[in-house]
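Student: Dumping the structure here so I can ask a few things about it.
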Amino acid sequence: MVLTRRSFLSASLTLPWLLKRGAASTRLPVGLELYSVRDALKQDPEATVRAVAQMGYQCVEFYAPYFDWTEDQAKRMRKLLDDLGIRCYSTHNSEQNFRSENMNRARDLNLILGTKYMVMATSTPKPGLDGWKAVAEELNGAAERLEPSGLKPGYHNHQPEFRLVEGVRPMEILAKNTKPTVMLQLDVGTCLEAGSDPAGWIRANPGRIHSLHLKDWSSDPAKGYKVLFGEGDANWKAIFEAAESVGGVEYYLLEQEGSRFAELETARRCLKAFQATHA
């Protein structure tokens, strides 16, 4: 290829932008799923969010009780997020929030909060693979209804989605039968406990894993989910590499079921461990 003066100048102008873009892509936001500090959140939501931001978290994920807020409460929370310089990229929702009688309210609250993804946190399908196909159709319907507002649905796994049903993992049914716009939010810990490989799952579903719950898990029955981030069985190096090379991850969320420390101290320690692991 002949490098002309014009093409050289064009490349020279583009290179700094590419380098900047590449550097920025390695600094993904890390947030906290606020279920991790659920007791504190119940007592004082605004003070809890402020404390989480002061630790260095860059985003938060509100879970199901946010649906009971008034619009004024949601607006106050959005103002606090803006004042703190942090984001709420997604919320966790019960399956009922995706029903026709609740969808508009959930959508409006998410728009106030400035979210991008409305995640179905769990589901109770009818037995068999047809039940999981019905969940997939529900998510596809949500994608159509949310699209005009700029929101997208997501699905968050627990253990059942990775345990065989009629010889197939339900997560495979969900991935195969949902639109590409439906985010598959990977919960690392429950994936591990179910005997699956988180990094392998990410690689099998490129571009679908826009966020992950960084919840560790130990096969030691005495520890289980009580381990802090980095103390369990997860191969975080492989998980991060898969998420950032092919998964399409946009942000990470630390989550903790509980530990030997108080809630906020647990959140602080997990963030420090993440920063040391994902430097």
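What follows is calculated from the coordinates using simple rules that are stated; it is not laboratory data. Predicted, not measured: the structure shown is a model, and the values here were computed from it. Methodologically, a virtual Cβ is constructed for each residue, glycine included, from the backbone with ideal geometry; neighbour enumeration extends over all protein chains shown.
Student: Give a quick list of trypsin sites (Lys or Arg not before Pro) in region 141-179 that DSSP marks as loop, anything other than H, G, I, E or B, with at most 14 other Cβ atoms within 10 Å.
Tutor: Sites meeting the loop and neighbour criteria: Arg163.
Student: For every helix of n ≥ 4 consecutive DSSP H residues, a contribution of -39,500 (n - 2.57) applies; sum these over the chain, divide by its total residues, and give [θ] at 222 nm rounded to the nearest 500 deg cm²/dmol.
Tutor: Helix-only estimate at 222 nm: -14000 deg cm²/dmol.
Student: For Arg50, Arg269, which order do you get if you count the other beta carbons within 10 Å of each Cβ and list the fewest first?
Tutor: Arg50, Arg269
Student: How do His92, His278 rank when sorted from fewest to most other Cβ atoms within 10 Å of their own Cβ?
Tutor: Going from sparsest to densest Cβ surroundings: His278, His92.
Student: Count the DSSP beta bridges whose two residues both fall in region 35-277, then state the antiparallel fraction as a percent rounded to the nearest 5.
Tutor: Expressed as a percentage, antiparallel bridges in region 35-277 total about 5.
Student: Let me ask another. Of Leu271, Ala222, Leu184, whose Cα points farthest to the positive end of the dipole of region 35-277 (charges on the beta-carbon: +1 Lys, Arg; -1 Asp, Glu; origin at the Cα centre)?
Tutor: My answer, from the dipole projection, is Leu271.
Student: Determine the relative contact order of the chain: mean sequence separation of Cα pairs under 8 Å and six or more apart, normalised by residue count, in whole percent.
Tutor: 17
Student: Excluding Glu147 itself, calculate the net charge of residues whose Cβ lies under 14 Å from the Cβ of Glu147, where each Lys or Arg counts +1 and each Asp or Glu counts -1.
Tutor: So the environment of Glu147 carries a net charge of +4.
Student: Ok, one more. Treating only the Cβ of Lys, Arg, Asp and Glu as charged (+1, +1, -1, -1), what charge dipole size does the chain show about its Cα centre? Round to the nearest 20 debye.
Tutor: So the dipole magnitude of the chain works out to roughly 1080 debye.
Student: For region 93-142 and region 201-222, write down the distance between their C-alpha centroids in whole Å.
Tutor: Here the two parts' Cα centres lie 21 Å apart.
Student: Which one, (1) 36, 21, 18; (2) 29, 24, 23; (3) 43, 24, 18, gives semi-axes √(5λ) of the Cα gyration tensor in Å as derived from the coordinates shown?
Tutor: The value matching this structure is (2).
Student: Please give the charge dipole size of region 99-142, origin at the Cα centre, charges +1 on K and R Cβ atoms and -1 on D and E Cβ atoms. Round to the nearest 20 debye.
Tutor: 100
Student: Additional query: Quick one: order Met55, Met183 by neighbouring beta-carbon count within 10 Å, fewest to most.
Tutor: The order, fewest Cβ neighbours first, is Met55, Met183.
Student: Follow-up. Note down the net charge around Ala199, summing +1 for each Lys or Arg and -1 for each Asp or Glu among other residues with Cβ under 13 Å from its Cβ.
Tutor: Charge balance near Ala199 sits at -2.
Student: Scan around Cys88 for amide H atoms under 5 Å from its own, H built in the peptide plane at 1.01 Å from N, and keep only partners 5 or more places away or cross-chain.
Tutor: Result for Cys88 returns Val60.
Student: Still on this structure: Projecting each Cα onto the charge dipole of the chain (Lys/Arg +1, Asp/Glu -1 at the beta carbon, about the Cα centre), which of Gln43, Val246, Trp201 comes out farthest on the positive side?
Tutor: Val246
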